[in-house]
Amino acid sequence: MSTPTEQLAEAGVSIWLDDLSRTRISSGNLQELIDTRNVTGVTTNPTIFANAITNPDDTSYDAQVHELAVSGTTAADAVFAATTQDVTAALDVFRPVWEATNHVDGRVSIEVSPDLAHDTEGTIESAKHLWAEIDRPNLLVKIPATKAGLPAIAAAIGAGVSVNVTLIFSLERYAAVIDAYLTGLETAKAAGIDLSTIHSVASFFVSRVDTETDKRLDAIGTDAAKNLRGKAGIANARLAYELFEQTFAGDRAKALLDAGANLQRPLWASTGVKDPNLPDTLYVTELVAPGVVNTMPEKTLEATFDHAVVTGDTVTGGYEQAREVFAGLAEVGVDFDDVTQVLEDEGVGKFIDSWHGLLTQVTEALEAAR
């Protein structure tokens, strides 16, 4: 009998771990997850690095912090040095996966500074700097899908940088993200860059949509509203996949694909269930479709391995059901455009807070080491 994670892989789902630390790499745990849990990539964000570097039980960063302190490095440069070292090491661990999957998987993501979320030129410069500094072909640079991020995504892709577009919540913004990807590919093609070397995923957030929507449904309080709890996130993601299928079947995308370009794969992010009343593998089993990535926190990964029931594609047959969910939300008075804007603002804000918290703690560690 194959395991649930093997069944997901067979159904066309790439499993990426939403976590990274130096100890996870050095202890062999990351390789173990590749070998036993079908993990084929890793995503990181400022919160993940903050938790790793400031963990009092993890001493794996102490020597580097001491060395950086002696050299007079700033906190921002110290964070850059530590995070890029971890990502580079993880990329090397995943190199065989990258080669075995024809360069599709074996990917590790690192994010531009959250402070640049509304700074187009700063984001472009940071993305190019990360790409050049880490210098691994299986890297993905994370750029948020803010309005300022969209032209930065196009510019980075146009320069040959592979990008993980993050913090996507609405179908409208997702359409703009795909457009930015195609625009970037057209720029790269005109510049003579080999399109087959450019990869991208579009990270569509799931559980946070339910958290915000369900809060509003609870406030409405009617039976019709209560019956919609826990449904918006999956419905939103399913319609995103429909948009993905439709757009990449269009003439503009097909011309680029025929020239060697890769699909920009949908990635399901925020897949840890926040509501204890919902099944802990809900955003795994209900979002199975060919060619998607599901990035999971370790708790969700282990729950998936232990007891998920994978029944094949659970997305493409659910488009009409998804539209019914949105019709129901409108009927009970949920302004979904406002939901997604609130989530984008909160998402950017949370990463900025984590980033500044990390800088503060690293500053204190550097001072103590000096």
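Quick note: the coordinates plus some simple rules give every number you see, no bench work behind them. Here the structure is a predicted model, which is why all the values come from computation and not from measurement. Glycine gets a Cβ as well: all are built from the backbone with ideal geometry, and neighbour counts include every protein chain shown.
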* Computed over the chain: relative contact order in percent, which uses C-alpha pairs under 8 Å that are six or more apart -> 22 percent
* To do: Have a look at the stretch 89-233 and give its Rg and Dmax from the Cα atoms, expressed in angstrom.
  => 17.8, 58
* To do: Compute the distance in nm between two label points, each set 7 Å from the Cα along the Cα-to-Cβ direction, one at Ala11 and one at Asp258.
  => 3.4 nm
* Structure fact -> Per the rule of 0.36 nm per residue minus the C-alpha distance, extending Ala100 to His129 adds in nm 7.7 nm
* For Asn277 paired with Ala369, estimate the spin-label separation in nm (one decimal), with each label point 7 Å from Cα along the Cα-to-Cβ line. => 4.8 nm
* Where in the chain are the helices, taken as whole DSSP H runs, whose Cα atoms extend 15 angstrom or more along the long axis and whose Kyte-Doolittle mean reaches at least 0.5? -> 75-100
* Asked: Arranged from highest to lowest average of other beta-carbon atoms within 10 Å per residue, in what order do the peptides 208-217, 104-113, 299-308 appear?
  -> 104-113, 208-217, 299-308
* Asked: Once Rh is set to the Kirkwood radius over Cα pairs, what Stokes-Einstein translational diffusion coefficient, in µm²/s, holds for the stretch 153-246 at a temperature of 20 °C and a viscosity of 1.002 mPa s?
  -> 144 µm²/s
* Summing Lys, Arg as +1 and Asp, Glu as -1, what charge do residues with Cβ under 11 Å from the Cβ of Arg265 carry, Arg265 excluded? -> 0
* Report the full-extension gain for the segment Thr47 to Gln85: residue separation times 0.36 nm, less the Cα-Cα distance, to one decimal in nm. => 12.0 nm
* To do: Provide, in order from the shortest bin, the percent of all Cα-Cα pairs of the stretch 258-370 in each 10 Å bin, continuing until the bin that contains the maximum pair distance.
  => 11, 25, 33, 21, 9, 3, 0
* **Two-site label geometry, Asp179 and Ala191: point separation in nm, points 7 Å out along Cα→Cβ** => 2.2 nm
* **Calculated over the chain: convex hull of Cα atoms, volume per residue (Å³)** => 137 Å³
